[in-house]
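The values are calculated or read from the model by the stated rules, or taken from the named source; none is laboratory data. Model, not experiment: these values are computed from the prediction. Note that we place each Cβ from the backbone using ideal geometry, even for glycine, and neighbour counts take in every protein chain shown.
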Amino acid sequence: MISMMRCDDRLIHGQVALLWSKELQLSRIIVASDQAAKSDIQKNALLLAAPAGIKVAVVPVAKAIELANDPRGAKLKMLLLTNTVANLKTLVDNVDVETKVDIANVGRIGGGNLNDKHKISETVYLTDDEVEAVKAIGEKRNNFVYQPLPSDTPVPFLSLLKGE
């Protein structure tokens, strides 16, 4: 079962490894990133960042969709994690499970000038194309939130776009 889909530039890091993994009682993390799946260095770093006892797969987005839709995963508690809004939209469009979708930290690390992006929150900066993608995600998913930490109150993500 997919417990949550999350978009975070940093992929597996302290918040995911220490806080979300406990909150969601995860047994698996699927990192959906074509770029990370191609890089042995990044793949190994992500595997090392994962908490003990949680299996991690760092795979291309297409393979992540296949894994997420596999009925054998229904008994597992999984986090589907990606680092771009485009990948998140692809996951939402192709993963059949209704689950929480969280954009928590995106747009500051991957390059590009922040002045060319819309500041959605302190941790989310989106391009025009990404704003359109999140609107499409919001049309498909009811539980689409901004929640950086489990202790934060989830905010409906589309409510952050009111100024857009």
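Quick one: how many residues across region 137-159 are under 21 Å from residue 93 (Cβ atoms), not in a loop (DSSP other than H, G, I, E, B) and not acidic (Asp, Glu)? Steps first, answer last, please.
Kept after step one, since they are under 21 Å from residue 93 (Cβ atoms), are these residues of region 137-159: 137-146, 156-158.
Now drop any that are not not in a loop (DSSP other than H, G, I, E, B), which leaves 137-140, 144-146, 156-158.
With the extra rule that they be not acidic (Asp, Glu), the set shrinks to 137-138, 140, 144-146, 156-158.
Residues that pass the stated criteria total 9.
Can you find, within region 2-13, the residue that is modelled with the lowest pLDDT among those that are aliphatic (A, V, I, L, M) and crowded, with 24+ Cβ neighbours inside 10 Å?
Pass one, region 2-13, residues aliphatic (A, V, I, L, M): 2, 4-5, 11-12.
Next cut, crowded, with 24+ Cβ neighbours inside 10 Å only: 2, 5, 12.
Details: 2: 93, 5: 96, 12: 89.
So the residue we want is 12.
Out of (1) surrounded by 22 or more Cβ atoms within 10 Å (Cβ to Cβ); (2) in contact (Cβ under 8 Å) with a residue 40 or more places away in the chain; (3) of a type in the set (A, V, I, L, M, F, W, C), what's the single condition that is false for residue 136?
That leaves (1) as the condition not met.
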